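The values are calculated or read from the model by the stated rules, or taken from the named source; none is laboratory data. Computed from a predicted structure; not experimentally measured. In this analysis, Cβ positions are derived from the backbone assuming ideal geometry, glycine residues included, and neighbour counts consider all displayed protein chains. Quick note on the areas: whole protein, heavy atoms, side chains included, nothing else; ligands and nucleic acids left out. Shrake-Rupley method; radii C 1.70, N 1.55, O 1.52, S 1.80 Å.
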Amino acid sequence: MEGHKDVLFGLYDDEDDLIHAIQKAQKDHLDIHDVFTPFPVHGLDEVMGLSESRLHIAGFVYGALGTLTAFLFMSWVFTRDWPIIFGGKPYWSVPAFIPITFELTVLFSCVGMVITYYTVCGMGPGADNPTLHDRITDDKFCLAFNVSDSSKEEIDSLKGFLSGTGATELNIKTI
Amino acid sequence: MSHHPIISPLRHTLITGDKTYHQITEDICAPAEKAPSKAWVIAFILSVVTLSFGIFCILWTIWMGIGTWDLNRTIGWGWDITNFVWWIGIGHAGTLISAILLLFRQKWRTGVNRAAEAMTIFAVMCAGLFPLIHMGRLWLAIFIFPYPNTRGPLWVNFNSPLLWDVFAISTYFTVSLLFWYTGLVPDLATLRDRSTGLRRKIYSFVSFGWTGSAKHWQRFESLSLILAGIATPLVLSVHTIVSFDFATSVIPGWHTTIFPPYFVAGAIFSGFAMVQTLMLITRKVLKLHDYITLQHIESMNKVIVLTGTMVGVAYLTELFISWYSQYPYEQFAFYNRATGIYFWSYVGMMGCNVLAPQIFWIEKYRRSITLTFFMSIFINIGMWFERFVIIVTTLARDYLPSSWSYYVPTWVEIGIYLGTFGLFFTLYLIFTRVAPVVAIAEVKSILKTSGSQYTGPANRDHFDPADVEKVTAHAHAHDDDHH
């Protein structure tokens with residue numbers, strides 16, 4: 001893992017203040033470390049210029065894997081491994097395979113996506129990611145800058161930027 | 001900074017009491033952070049006692065054998081499968097609310113989805129119990145899974161609806177659980193950040209290291225949307241497959257193509273009724289009136305009157321088709337349901353499911369809490385009768401009059417049914433103590449569009465016509481992006 005970072009962050013009381021601060025930071029060419037919010041703020045990813053999540057591609061691949069697993073396995077069992085006639089139907093009775101094929105498609109896609117989501121976010125049972133402030137999961141909107149290699153003047157100008165855009169609380173935390 | 005929020009006198013209010021973000025956190029976290037109330041303790045003791053009696057009855061069944069139930073050669077499915085279908089039907093509302101209403105962008109979903117999803121998971125657990133114990137030899141239950149075995153390997157019958165059920169219900173349970181827990185993680189992090197000591201350690205562990213980073217929220221929303229997209233057909237598939245248990249047989253009254261849509265509508269109907277029962281108690285006991293408002297109750301009553309009427313149309317269609325088929329066995333099956341030895345269950349079904357909910361066409365009744373509560377109980381009873389009618393009434397009068405039979409449950413069967421209520425309420429009561437009953441983050445995300453200080457006719461004076469232009473201009477800019 002990477003070493004410790006010094007993070008300067010400002011807390012805003014309103015998501016609109018946060019969005020305007022981000023827009024101003026981009027205009028000023030400031031390098032934002034991260035943004036933390038208590039709920040998904042509408043349009044935040046667009047403002048920050050985050051690229052679209054690719055989870056849906058993963059979901060499709062897992063789903064397709066489930067489809068193939070179910071269909072090929074049932075086909076193998078009833079045509080190769082142990083062919084049995086049920087109700088005078090052909091061995092390879094495709095319509096009867098549809099329900100289980102569908103269920104496994106959904107199951108693989110869902111389980112796969114959830115595991116992928118937690119893995120790429122670095123989360124999981126017992127994961128202990130550092131948090132900047134306890135009110136971020138309550139009502140504060142946080143804009144953070146990485147100031148590990150910044151001079152005192154740079155830090156002061158970032159502080160000025162944060163309070164100038166309406167941050168109600170400033171702090172530096174090593175994470 | 002003066003960004004005044006946009007006021008809309010036309011929008012419905014979904015959060016009353018002019019809440020701030022912090023108040024929302026305080027209000028919803030309170031039940032999990034305070035000592036339990038006396039009502040909770042009494043309810044919990046009752047639930048655990050009922051559950052214990054249910055466990056005793058299940059052990060009695062396993063020890064003594066399935067003969068402790070009054071099933072016979074003619075009526076091979078009784079309360080066991082009736083209860084199974086009833087519980088699994090109830091388990092349809094949660095994922096429907098979270099998945100389908102998410103796709104339709106229904107904001108009222110946020111007030112009730114968390115508790116409804118929890119209810120779904122607990123109801124599916126109650127449902128899953130019945131097919132397992134009705135096998136009689138519980139220790140052979142693993143035989144329902146296709147695993148390599150020393151009997152050949154002899155595989156399960158993939159062409160059987162009973163096996164499709166195994167896959168459908170285990171998939172539904174898994175997906176509902178993951179969907180629910182994924183939504184719960186940010187709120188568990190809220191509880192974590194408000195607690196200290198051991199509580200903080202525990203909530204840290206279960207909140208998976210959530211930080212609230214913008215990228216995580218973006219992925220979270222993407223994940224929720226796709227899970228909703230795949231859970232929607234899943235919800236519909238589960239009761240479709242349950243209905244196949246009946247529809248693929250050659251029993252008159254069961255062998256009908258209307259069963260899948262009819263079962264799905266019935267499942268949503270009974271699920272919403274159970275959500276109403278639970279929500280009305282929850283909002284009162286946990287004082288969540290500001291988050292589960294009359295608007296929510298009315299919306300759910302609209303779903304109830306719609307699905308109840310769909311179920312009614314299905315009942316009448318069945319009757320019509322049995323007459324139109326000119327097939328005497330089919331005609332007898334339905335004549336027998338309405339006028340035979342179990343006519344009272346048919347009356348209960350028609351009265352509670354079709355007639356009673358029709359009062360919800362009237363707005364005043366849709367918004368009456370007392371009436372909604374009694375109606376939700378009625379519907380739960382009516383939907384139980386529906387399954388009883390389909391299963392027991394049909395089996396009691398089969399092709400051979402010499403094998404006609406009657407069935408009443410034993411104390412063991414009744415005890416197991418009561419026991420599932422014990423299980424359901426024990427789990428639900430624990431849930432209200434350890435996790436936020438309302439989705440905190442989701443409610444906050446709709447505050448500025450649905451909070452009482454921003455919406456409703458009361459705010460007409462604060463409405464600024466300039467906002468309309470601002471919003472329209474924004475919308476046009478978005479349209480241009482897409483073209």
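In this structure, residue A:37 qualifies as within 33 Å of the chain's Cα centre (by Cα), open to solvent by less than 80 Å² (accessible area, probe 1.4 Å) and either facing chain B (nearest Cβ under 10 Å) or touching a residue at least 60 places away in the same chain (Cβ under 8 Å) (or both).
Listed here are the residues, each with its yes/no results for (1) among the polar types (S, T, N, Q); (2) more than 7 Å from every other protein chain (Cβ to nearest Cβ); (3) over 28 Å from the mean Cα position of the chain (by Cα).
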{"site": "B:155", "(1), (2), (3)": "no, no, yes"}
{"site": "B:172", "(1), (2), (3)": "no, yes, no"}
{"site": "B:189", "(1), (2), (3)": "no, no, no"}
{"site": "B:195", "(1), (2), (3)": "yes, yes, yes"}
{"site": "B:201", "(1), (2), (3)": "no, yes, yes"}
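Scoring residue B:324 on the criteria (1) surrounded by 15 or more Cβ atoms within 10 Å (Cβ to Cβ); (2) in a helix (DSSP H, G or I) leaves a single failure, condition (1).
Here's the yes/no breakdown for (1) farther than 30 Å from residue B:341 by Cβ; (2) open to solvent by 10 Å² or more (accessible area, probe 1.4 Å); (3) hydrophobic (A, V, I, L, M, F, W, C):
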{"site": "B:85", "(1), (2), (3)": "no, no, yes"}
{"site": "B:88", "(1), (2), (3)": "no, no, yes"}
{"site": "B:95", "(1), (2), (3)": "yes, no, no"}
{"site": "B:99", "(1), (2), (3)": "yes, no, yes"}
{"site": "B:102", "(1), (2), (3)": "yes, yes, yes"}
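Across the range B:9-25, the number of residues qualifying as open to solvent by 60 Å² or more (accessible area, probe 1.4 Å) and either in a loop (DSSP other than H, G, I, E, B) or touching a Lys or Arg at 6+ places or on another chain (Cβ under 9 Å) (or both) comes to 5.
Kindly establish whether residue A:142 is of a type outside the set (A, V, I, L, M), touching a His at 6+ places or on another chain (Cβ under 9 Å), at pLDDT below 95 and under 21 Å from residue B:178 (Cα atoms).
Values: of a type outside the set (A, V, I, L, M): yes; touching a His at 6+ places or on another chain (Cβ under 9 Å): yes; at pLDDT below 95: yes; under 21 Å from residue B:178 (Cα atoms): no.
No, not satisfied.
Checked against (1) within 16 Å of residue A:166 (Cβ to Cβ); (2) open to solvent by 30 Å² or more (accessible area, probe 1.4 Å), residue A:17 passes all but a single condition, namely (2). Taking the range A:132-175 as the region of interest, how many residues are facing chain B (nearest Cβ under 10 Å) and part of a helix (DSSP H, G or I)? Number satisfying all stated conditions: 4. Tell me, yes or no, whether the range B:225-232 has at least one residue that is within 9 Å of chain A (Cβ to nearest Cβ), open to solvent by 10 Å² or more (accessible area, probe 1.4 Å) and farther than 30 Å from residue B:268 by Cα. For the range B:225-232, residues within 9 Å of chain A (Cβ to nearest Cβ), open to solvent by 10 Å² or more (accessible area, probe 1.4 Å) and farther than 30 Å from residue B:268 by Cα: absent.
Inspect the range B:246-258 for any residue being within 14 Å of chain A (Cβ to nearest Cβ) and either among the hydrophobic types (A, V, I, L, M, F, W, C) or in a helix (DSSP H, G or I) (or both) and give the result as yes or no. Yes, the range B:246-258 has at least one match.
For every residue, the table says whether it meets (1) more than 28 Å from the chain's Cα centre (by Cα); (2) surrounded by fewer than 18 Cβ atoms within 10 Å (Cβ to Cβ).
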residue	(1), (2)
B:336	yes, no
B:339	yes, yes
B:359	no, yes
B:371	no, yes
B:406	yes, yes
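Taken over the range B:174-184, the criterion of being at the interface with chain A (Cβ under 8 Å from one of its Cβ atoms) and among the hydroxyl-bearing types (Ser, Thr, Tyr) is satisfied by B:174, B:182. Of everything in the range A:62-88 that's within 28 Å of the chain's Cα centre (by Cα) and surrounded by 15 or more Cβ atoms within 10 Å (Cβ to Cβ), which residue is nearest to residue A:102 (Cα to Cα)? Looking at residues that are within 28 Å of the chain's Cα centre (by Cα) and surrounded by 15 or more Cβ atoms within 10 Å (Cβ to Cβ), I get A:67.
Is it the case that residue B:268 is more than 14 Å from chain A (Cβ to nearest Cβ), under 19 Å from residue B:365 (Cα atoms) and either surrounded by 19 or more Cβ atoms within 10 Å (Cβ to Cβ) or modelled with pLDDT of 90 or more (or both)? For residue B:268, the condition - more than 14 Å from chain A (Cβ to nearest Cβ), under 19 Å from residue B:365 (Cα atoms) and either surrounded by 19 or more Cβ atoms within 10 Å (Cβ to Cβ) or modelled with pLDDT of 90 or more (or both) - is not met.
Within the range A:23-81, count every residue that is assigned to a helix (DSSP H, G or I) and either out of contact with any helix residue (DSSP H, G or I) (no Cβ under 9 Å at 6 or more places or on another chain) or not polar (S, T, N, Q) (or both).
From the range A:23-81, those assigned to a helix (DSSP H, G or I) are A:23-27, A:44-48, A:55-81; that's our starting set.
Of the ones still in play, those that are also either out of contact with any helix residue (DSSP H, G or I) (no Cβ under 9 Å at 6 or more places or on another chain) or not polar (S, T, N, Q) (or both) are A:24-25, A:27, A:44-48, A:55-66, A:68, A:70-74, A:76-81.
Result for the range A:23-81: 32.
Return the total of residues in the range B:396-416 being in a helix (DSSP H, G or I) and under 17 Å from residue B:84 (Cα atoms). Can you show your working first?
Start the filter on the range B:396-416 by keeping residues that are in a helix (DSSP H, G or I), which leaves B:396, B:401-403, B:411-416.
Restricting the remaining residues to those that are under 17 Å from residue B:84 (Cα atoms) gives B:412-416.
Adding up the residues that qualify gives 5.
What's the total number of residues in the range B:410-440 that are aliphatic (A, V, I, L, M), open to solvent by less than 10 Å² (accessible area, probe 1.4 Å) and within 11 Å of residue B:53 (Cα to Cα)?
2
Does at least one position in the range A:40-60 carry a residue that is under 22 Å from the mean Cα position of the chain (by Cα), at positive phi and open to solvent by less than 50 Å² (accessible area, probe 1.4 Å)? Within the range A:40-60 (the criterion being under 22 Å from the mean Cα position of the chain (by Cα), at positive phi and open to solvent by less than 50 Å² (accessible area, probe 1.4 Å)), the answer is yes, since at least one residue qualifies. Give the range B:157-215 a look and list any residue that's open to solvent by 20 Å² or more (accessible area, probe 1.4 Å) and outside any helix (DSSP H, G or I), or say none. Matches in the range B:157-215: B:157, B:159, B:160, B:196, B:208. The residues of the range A:85-104 that are within 8 Å of chain B (Cβ to nearest Cβ) and β-branched (Val, Ile, Thr) amount to a single one, A:100.
When residue A:31 is tested against (1) open to solvent by 80 Å² or more (accessible area, probe 1.4 Å); (2) more than 9 Å from every other protein chain (Cβ to nearest Cβ); (3) modelled with pLDDT of 90 or more, exactly one condition is not met: (3). Within the range B:129-153, the set of residues being open to solvent by less than 50 Å² (accessible area, probe 1.4 Å) and facing another protein chain (nearest Cβ under 10 Å) comprises B:146, B:153.
Look at residue B:220 and say whether it is within 7 Å of another protein chain (Cβ to nearest Cβ) and within 30 Å of residue B:271 (Cα to Cα). Even if it seems obvious, please write down each step before you answer.
On the way: within 7 Å of another protein chain (Cβ to nearest Cβ): yes; within 30 Å of residue B:271 (Cα to Cα): yes.
Here the answer is yes, as residue B:220 does meet what is asked.
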